[in-house]
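Let me begin by presenting the structure, written as structure tokens, before commenting on it.
Just so it is clear, none of the values below were taken in a lab; they were calculated from the coordinates. Because the structure is a prediction, the values reported are computed rather than measured. Quick reminder, even Gly has a Cβ in these numbers, built from the backbone with ideal geometry, and neighbours come from all protein chains shown.
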Amino acid sequence: MNRANTGKWLSGRNVVIMLSFALVTSLVWLLSGEEPLGSVISPNCDYRLSAYSPTHLQRLLNLGMREPERVRLIRNIDDRVVGTSPVVDMSGGNGGIIWLILSDRRVRVGADVVFTDVPALNAVGEPLREGEQANRCAE
């Protein structure tokens, strides 16, 4: 192998290109990794809670958590994300769900996640008016 050719391979321009490629690859890896873990539909089928694994970067920032997850509250009629939780630890049975949409306009997931100001919806997907019945799941 000719040593003169090896020097050209390690020129400043090639080193910058290789370092840029390594940086972009590392950033893509750190920001990826979020995967759906499961969903639960509300008793009246208006909303669903979807749990996701955090990205690789969020896992690195939360190393003390045994089961880090993010939770999204999604309106079923148009798949609009109503709220997203920060990364929380769902280990040790911390994933219980309490739907208080009709009484308190809240949804609680475990001890750490609370979605507030969640309106109950009618069959058309509009917020309920006084005395109107909540939408029920199709049997």
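Key figures
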{"quantity": "Contour excess over end-to-end distance, with Cα ends at S11 and S39 and 0.36 nm allotted per residue", "calculated": "4.9 nm"}
{"quantity": "R0 of 30 Å, Cβ-Cβ distance I97-S32: FRET efficiency to nearest 0.05", "calculated": "0.60"}
{"quantity": "Cα gyration tensor category, rounded, prolate or oblate, for segment 59-102 with a/c compared to 1.5", "calculated": "oblate"}
{"quantity": "Förster-model FRET efficiency, 30 Å R0, M18 and R59, C-beta, rounded to 0.05", "calculated": "0.65"}
{"quantity": "Sorted by Cβ neighbour density within 10 Å, fewest at the top, the residues W29, W99", "calculated": "W29, W99"}
